[in-house]
Amino acid sequence: MSILNKATDSIAQTKLGVLSEWSIRICLAWVFFEYGLPKFNSLIESPSTPLNFILKMDFFSSFPIISSWLITIAEVLLIPLFIILGGLNFLGPVSKSLSTVGGILGTFVMVVIIWGFHFPILDEGFSDIHLQMMLLAMSVYFLFK
């Protein structure tokens, strides 16, 4: 095993290792943006009509318009912005805080979507929610990064 460690150690120690974190940041930001954009377009076209899936969720159906806008703004703007800005080390200590806030928002959104929509409403199991679990894991990563 030490031969393998010696062979791969130089790869892990390169300055290009930053690409691995940035690839996760960019992918997470992009996927949240892509999922939020249709919601945003729908709300722009009809600002007083809540998103259909919000009406099916017990807790959020009590305030559907506000919930629709909050989830949409989080997905299309806040999470991508905080995750990307959190990677800019020249911002100093605030960059860590931005990553953490992006991770908190992403984790909250994914927990609500998984346990509030996919499981109870769509009646899906863990084998059906691969993408959602990856987004949750990536969000948790930045929550503690």
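The values are calculated or read from the model by the stated rules, or taken from the named source; none is laboratory data. Everything numeric here is computed off the predicted structure, so don't read it as measured data. Using ideal geometry, Cβ is built from the backbone for each residue, glycine included, and neighbour counts are taken over all protein chains shown.
Step by step: first the residues of the stretch 54-70, then only those that are in contact (Cβ under 8 Å) with a residue 40 or more places away in the chain and in a helix (DSSP H, G or I), then the one that is farthest from W22 (Cα to Cα). Which residue is that?
K56
Pick from I83, I113, I66: which is within 13 Å of K145 (Cβ to Cβ), out of contact with any His (no Cβ under 7 Å at 6 or more places or on another chain) and either hydrophobic (A, V, I, L, M, F, W, C) or modelled with pLDDT of 95 or more (or both)?
Just one listed residue meets the conditions, I83.
I'd like to verify a number: residues in the stretch 1-52 that are modelled with pLDDT of 90 or more and either β-branched (V, I, T) or in contact with a helix residue (DSSP H, G or I) (Cβ under 7 Å, 6 or more places away or on another chain) (or both), how many?
So in the stretch 1-52, the residues modelled with pLDDT of 90 or more come out as 22-52.
Going one step further and asking which of them are either β-branched (V, I, T) or in contact with a helix residue (DSSP H, G or I) (Cβ under 7 Å, 6 or more places away or on another chain) (or both), we end up with 24-26, 28-29, 31-33, 35-37, 39-40, 43-44, 48-51.
Counting residues in the stretch 1-52 that are modelled with pLDDT of 90 or more and either β-branched (V, I, T) or in contact with a helix residue (DSSP H, G or I) (Cβ under 7 Å, 6 or more places away or on another chain) (or both) gives 19.
I'd like the full set of residues that are surrounded by fewer than 16 Cβ atoms within 10 Å (Cβ to Cβ), free of Cβ contacts under 8 Å to residues at least 24 places away in the same chain and either part of a loop (DSSP other than H, G, I, E, B) or basic (K, R) (or both), limited to the stretch 121-145.
Of everything in the stretch 121-145, those that are surrounded by fewer than 16 Cβ atoms within 10 Å (Cβ to Cβ), free of Cβ contacts under 8 Å to residues at least 24 places away in the same chain and either part of a loop (DSSP other than H, G, I, E, B) or basic (K, R) (or both) turn out to be L122, D123, E124, G125.
Within the stretch 28-51, how many residues turn out to be more than 14 Å from L70 (Cα to Cα) and either of a type in the set (S, T, Y) or part of a loop (DSSP other than H, G, I, E, B) (or both)?
1
Go over the candidates P93, P80 one by one and state the one that is of a type outside the set (F, W, Y), buried (at least 22 other Cβ atoms within 10 Å of the Cβ), without any contact (Cβ under 8 Å) to a residue 60 or more places away in the chain and out of contact with any Pro (no Cβ under 9 Å at 6 or more places or on another chain).
Exactly one of P93, P80 is of a type outside the set (F, W, Y), buried (at least 22 other Cβ atoms within 10 Å of the Cβ), without any contact (Cβ under 8 Å) to a residue 60 or more places away in the chain and out of contact with any Pro (no Cβ under 9 Å at 6 or more places or on another chain), namely P80.
If I ask for residues that are over 23 Å from Q132 (Cβ atoms) and either surrounded by 13 or more Cβ atoms within 10 Å (Cβ to Cβ) or of a type in the set (F, W, Y) (or both), which ones from the stretch 50-66 would you list?
Result: F63, I65.
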